[in-house]
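Worksheet for the structure shown next.
The values are calculated or read from the model by the stated rules, or taken from the named source; none is laboratory data. Note that the coordinates shown come from a computational prediction; the quantities given were computed from them, not determined experimentally. We place every Cβ from the backbone using ideal geometry, glycine too, and count neighbours over all the protein chains shown. Please note that ligands, DNA and RNA were not included when accessible areas were found on the heavy atoms of the full protein model with its side chains. Shrake-Rupley method; radii C 1.70, N 1.55, O 1.52, S 1.80 Å.
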Amino acid sequence: MFKVSSFLKICFSLLILFSLNAHASLMADCNASANEVNKISPKKLDSITTLLSAVCTNDGGSVTLVYKNNLSTPVTQSQINSLKPGMLDSWCTDPLLKPLINSLNIRYMYSDTSGRKLGQVDLNKRECR
């Protein structure tokens, strides 16, 4: 006879398996997006910003698409933070970007021309309004 506890163990195992497969799929989707960005990198975005590359990371169970940028002018984390509202507006409303932020976290990392980290901006779907 099939016990309820056995049934719960099977359900729990299937849930874990589904979660791992979903996570692997997210990582694969993220890597595909990063590969597309890397095909055109490095790319000058504006007068001081160059997109160097994109990578995907696994941050404690969530997948993050990281854009690595170089700035030719020194800036502070406070100045970088001032970019966040515009970034969120784009990611949360653009029909091409919204599906990504609904699945992945987004991180913009900024370094100076010598590679020293200047700051970063993290975005996720919970911040969309």
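Starting from the exponent 0.38 and prefactor 2.2 Å, build the expected Rg for region 24-129 from its residue count and divide its actual Cα Rg by it.
Numbers: Rg = 13.5 Å, N = 106, 2.2 N^0.38 = 12.9 Å.
Ratio of Cα Rg to 2.2 N^0.38 Å: 1.04.
Only bridges whose two residues both fall in region 18-113 count here: according to DSSP, what percent of them are antiparallel, nearest 5? The partial results should precede the final answer.
Numbers: 12 of 19 bridges.
Of the beta bridges lying entirely in region 18-113, close to 65 percent run antiparallel.
So the label point goes 7 Å from the Cα of K43 along Cα→C-beta, right? Which residues of region 86-129 then have their backbone N under 15 Å from it?
Correct set: 96-97.
With every protein chain left in place, what is the accessible area of T93 in Å² (1.4 Å probe, nearest 10)?
Roughly 90 Å² of T93 is accessible to a 1.4 Å probe.
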